[in-house]
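A.B. asks: Here you go, one structure.
Every number in this text was worked out from the coordinates using simple rules, so none of it is lab data. Since the structure is predicted, the reported quantities are computational estimates derived from the model, not experimental observations. In this analysis, Cβ positions are derived from the backbone assuming ideal geometry, glycine residues included, and neighbour counts consider all displayed protein chains.
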Amino acid sequence: MQPSEIDKKVKGYRRLIPSMTALLEFEAVARLASFTLAAQELGVTQAAVSKQIRLLEDTLETKLFHRLHRAIKLTREGYILHSVVAESIHRMASVFDKISEGIGEQEIVLACTGAFSNFRILPRLISLRTIQPELKLRLITQPLSPGSYRDEVDLAIRFGNGKWDDGSSILLFDEEVFPVCSPSWLAAHSAHASLDDFLDMALIDSDATLEGWMTWNSWCRELGDLRPKLNYSLRCSSYNDAIQAAIQGYGIALGWSRLVTHLLNSGELVRITPYTVKPKDAYYVVIPTGREPGAITHTLVDWLRDDGHLMP
């Protein structure tokens, strides 16, 4: 875009948004639910903040706050505006940080679940530096859904069927799910060959996620076991916690092969019983729409696929 075109757009924004100061002060008031606290944070007077909020309300011809007795609350319109303003300020702050820290084009922003980061990426980071010594990697580990972080992310790792509307997919690898426990737990409990006996033992479960995560119930259904109740010793919202509990000898967890390979190799976990489930879905690297895969993308895919980097 040429400078003259940018100038025209800026002038257009000025017509629609007469005061960036008002938006910044509105965000502070909405976040802190207080004109006084917002004024203190911004280093201005409460009267100045109130004036800016009135300016916004007059411009939009609507109330942004309910003025209650000793409290304020966002109106419906105020909530809509705050959600957009807060997200925009956060994104701008991230860009400022990147520029001020001198982060160049060699940074790759990779989004994945916390479990994938902890168990597949972090244990092999040193090998990535050997392959790509100049690469700067930024990990985003929050619950993902199609469309998440579309503008910010270079690559995303998802578990599913590979068909998403917001990007193109590269198959990373399939999965296999089986029971695992610590060597100390196995030594204290005899392994049962029967599925009925096995499932009566202390099970550690983790919640299903947006990425199609398998729980003990869904794992059992895949094996044809439809019992209504399982014997849980611990239920976790995080797969990370479930695996850590298994390592500590608290019971049996479901091991996702691609995530716990290094723990099996190191002996921290052991695989028990011959039972296993191979999900229909798989892991994919998703390239957001509008971005083209470069050489670094294929290097990262090869690196993530290589189980050799997970040897102890």
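A.B. asks: Round to the nearest 0.05 the FRET efficiency obtained for residue 289 and residue 86 when R0 = 25 Å and r is the Cβ-Cβ distance.
C.D. replies: My answer for the efficiency is 0.50.
A.B. asks: Which FRET efficiency, nearest 0.05, do residue 70 and residue 20 yield, Cβ-Cβ r, R0 51 Å?
C.D. replies: 0.95
A.B. asks: In whole Hz, what ³J(HN,Hα) sequence does the range 23-39 give by Karplus (6.51, -1.76, 1.60; θ = phi - 60°), x for Gly and Pro?
C.D. replies: So the J values, rounded to whole Hz, are 5, 5, 6, 4, 4, 5, 5, 5, 5, 8, 6, 6, 5, 5, 5, 5, 4.
A.B. asks: Further question: Check residue 249: other-chain or 5+ apart residues with amide H under 5 Å from its amide H, H built from backbone geometry?
C.D. replies: 182
A.B. asks: Enumerate the amide H contacts of residue 172 below 5 Å, restricted to partners 5 or more residues apart or on another chain; note that Pro and chain-start residues carry no placed amide H.
C.D. replies: 283, 284, 285
A.B. asks: While we're on this one: From zero up to wherever the largest Cα-Cα distance of the range 177-271 sits, split into 10 Å bins and tell me the percent of pairs in each.
C.D. replies: Each 10 Å bin holds this share of Cα pairs: 17, 53, 29, 1.
A.B. asks: Quick one: which residues, 5 or more positions from residue 109 or on another chain, have an amide H under 5 Å from its amide H? H modelled 1.01 Å from N in the peptide plane, none for Pro or chain starts.
C.D. replies: 138, 154, 155
A.B. asks: Determine ³J(HN,Hα), in whole Hz, for all residues of the range 258-271 in sequence, where each value follows from phi through the Karplus function 6.51 cos²θ - 1.76 cosθ + 1.60 and θ = phi - 60°; x replaces Gly and Pro.
C.D. replies: Each residue of the range 258-271 in turn: 5, 9, 9, 3, 5, 6, 6, 5, 7, x, 5, 10, 10, 8 Hz.
A.B. asks: Give me 178, 173 ranked fewest to most by other Cβ atoms within 10 Å of their Cβ, as a rough exposure proxy.
C.D. replies: 173, 178
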